[in-house]
Amino acid sequence: MRELTVDRVAGILFTAFSLLVLWESHKIPFGTMAEPGPGALPVLLAFILLACSVAVFLGGRVGERLADVRWTEWRHAVAILGTCSFMALALERLGYRLTTLIALLVLVSIVERKGWLAGVVFATSFSLGTHYLFNTVLRVHLPQGPFGI
Amino acid sequence: MVETLQNLMFGFGLALSPSVLMYAFVGCLVGTLVGVLPGVGPLAGISLLLPVTFGLDPTSAIVLLGGIYYGAMYGGSTTSILMRIPGEAASVMTCIDGYEMTLKGRAGPALAIAAVGSFVAGTLSIVALMFLAPPLAEFALRFGPPEMFALLVLGLLVLAYMSSGSMAKSLTMAALGLLLGMVGIDTMSAFFRFHYGVVELGDGIGVVPVAVGLFGISEILLSAGQDNKVVIRTPRLRELLPDRTEWRQSAAPIYRGTVLGFLIGIIPGPGHVISSFVSYSVERRLSKHPEHFGHGAIEGVAGPESANNSATTGAFVPMLALGLPSGAVPAIMLAALMIHGIAPGPMLIKEHPELFWGVIASMYVGNVVLLILNLPFVGLFVNVLRIPYGYLYPAILVFATIGVYSVNNSVVDVWIMAGAGLAGYVLRKLNFDLAPIILGLVLAPMLELSFRQSLAMSAGDYTIFATRPITAVMLLVALTLLLVGMRPNLTRMLKWWVPGRLEPAASGERKEHP
């Protein structure tokens, strides 16, 4: 079985994406060639992306193999993305201070294994300090949680 | 000439008055501090402080806002260089080589060159603004929708052509960025595209969340697990500054970036973004060692930083001379002037000479203040890198989240940042250059609007793009770049279609070539 190269995989992914965009664009009025509507440019760009993806695929006969790409940091990456997702979900529900405190505690104490004491001190001081700097000094609105936390 | 110099002396008399000098200093200081915070760029800083200017006279108000703008642009480069988080789209190119210099322990020289390059570019472009504002404004007036469309297409193709990798891959990224820019309400028909029920996407996908995610978050994801990415020891003063070779290597990029940035910045549009991309591409093509770009080439910092600072000044040409803001920040400055009862335009110089020349002179002063303020801070900024990475990246993550959330007070932007971070992580693993995505995203709305306006002007006749001289020349250059850049791909495809030259690639009988 032929080994897939990185460019071949990328070409396939982008080809699929461009076909998806073309499919979704059929719901938007195309207009006419003389008077393009809101759907005209997305369709044109999707075709351009399709052409470029095919070019990438065809040019990807030689190159780095997908199997040679290292994903050694994937566990950390998953944890960080999970924390980002938690922040997005919790920011307006728990408020900035509580959300940041929990996120930093997880990253510092659990993911980076710096210990619970260091994590609590860092997370508490950072969340309160940045809240003061942004919310009070710079007047950047940061969401408040339940009971004004 | 004599009259111009007399007017300039008049302006300096105003700019060097204690109160105006104080506002320039405060503006630069606040701007730098705001710009240093990842994700919080000049637009956020100026928007936050606009109400403060209501009680000031017009000259002081514009001097304060101008100082914030310059300061924030410089501050944005600081985070680009130290943490690979661009403060805004114009700082994206600085991330690439600036951060690589940091990894090599050369953060100080990178920051210093960014400061000096910005100062030189800002000063020289102010001289150009002073003498060339009226005639250049006239030239900018000749740019209608067809010319704007052609310029944007040319900008994208120049970037793709001058990329070190495959042009097909760069164009793929640019097309992806343009498609992302299609999300949201269509300005001409108010049709809501690709929103999937998310009301916040009405204004489209923001540049800041995507830029922070693609560059900053992806870097954190790639570097996770390392305790100290950069070995820092207490730097000596001379290690904070560029050495003789680095000064020599930076000189020409600074001057080229200044000229490019100013000329591109004059044209209404995202000039400071395009100028930094074009400058980087030009420097890479002109360099004797293009292979160094992307791995800590100081030219990759000097050129784009000078270009975006020069374009910032160039953007004042249409704003002051024509009353045409070329971007969001000049638009806010225009609003500030109008709040004070001043209408920028062709009569501004005649009716309010103290404002025009006071602003010009204060730009000189602001540039000097910025250099004096920021060079001593280089050592302080570099020492931030001594914080163990296990503590540093969570802090960066929080700052990025604040910055992104504060743009629209929307968690959708935080989701976009996270998604862009994941996409950036995967794309970097697959060896794709991310910068064209940002350029495509920034240019997409203008590209579409100018294209459709052009056809509206010509009643649907596509020959408008061939009959207008400036448009035709730019599109011809763009087409040439496309054909030259895609030549390897086209040759490969032609060989396949010529019978008997090669077996088809999909055939299992193809022999492996050594």
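Derivation of every value follows stated rules applied to the coordinates shown; laboratory data play no part. Bear in mind the structure is a predicted one, so any value in this text is a computation, not a measurement. Don't worry about glycine lacking a Cβ; one is built from the backbone with ideal geometry, like all the others, and counts go over all protein chains shown.
Quick look at the numbers
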{"quantity": "Charge sum, other residues only, whose C-beta stays under 15 Å from residue B:174's C-beta, Lys/Arg counted +1 and Asp/Glu -1", "calculated": "-1"}
{"quantity": "Ranked list, fewest to most other Cβ atoms within 10 Å of each Cβ, for B:467, B:79", "calculated": "B:467, B:79"}
{"quantity": "Taking B:426, B:278 and counting other C-beta atoms within 10 Å, the order from fewest to most", "calculated": "B:426, B:278"}
{"quantity": "Packing-based order for A:48-57, B:193-202, using average beta carbon neighbours within 10 Å, highest first", "calculated": "A:48-57, B:193-202"}
{"quantity": "Rounded tilt (10° steps) of A:40-58 against the dominant C-alpha axis of chain A", "calculated": "80 degrees"}
{"quantity": "Spin-label pair residue B:17/residue B:189, simplified geometry with 7 Å Cα→Cβ offset, distance in nm", "calculated": "5.5 nm"}
{"quantity": "Packing-based order for A:59-67, B:301-309, using average beta carbon neighbours within 10 Å, highest first", "calculated": "B:301-309, A:59-67"}
{"quantity": "Neighbouring partner chain Cβ atoms per residue of B:207-220, average, 10 Å criterion", "calculated": "1"}
{"quantity": "Approximate spin-label separation residue B:409-residue B:372, in nm, with each point projected 7 Å along Cα-to-Cβ", "calculated": "3.9 nm"}
{"quantity": "Amide N of segment B:159-193 lying under 13 Å from the label point, which is placed 7 angstrom from the Cα of residue B:285 along Cα→Cβ", "calculated": "B:159-164"}
{"quantity": "Sorted by Cβ neighbour density within 10 Å, fewest at the top, the residues A:114, B:169, B:104", "calculated": "B:104, A:114, B:169"}
{"quantity": "Cα-based convex hull, segment A:6-68, per residue volume (Å³, whole number)", "calculated": "63 Å³"}
{"quantity": "Partner chain coverage, peptide A:100-112 - average Cβ within 10 angstrom", "calculated": "3"}
{"quantity": "Rounded if a/c under 1.5, otherwise prolate or oblate - segment B:389-442, Cα gyration tensor axes", "calculated": "oblate"}
{"quantity": "Quotient of Cα Rg and 2.2 N^0.38 Å for segment A:74-148, N being how many residues it contains", "calculated": "1.12"}
{"quantity": "Cα-based Rg of chain A normalised by 2.2 N^0.38 Å, two decimals", "calculated": "1.60"}
{"quantity": "Backbone HN-Hα couplings from phi across segment B:180-191 [Karplus 6.51/-1.76/1.60, Hz, Gly and Pro as x]", "calculated": "4, x, 7, 5, x, 7, 6, 5, 8, 10, 6, 7"}
{"quantity": "Residue B:484-residue A:34 pseudo-label distance in nm [points 7 Å out on the Cα-to-Cβ vector]", "calculated": "3.8 nm"}
{"quantity": "Residue-count net charge about residue A:83 - beta-carbon cut-off 14 Å; Lys, Arg +1, Asp, Glu -1", "calculated": "0"}
{"quantity": "Highest-first arrangement of A:15-26, B:67-78, where packing means the average Cβ count within 10 Å", "calculated": "B:67-78, A:15-26"}
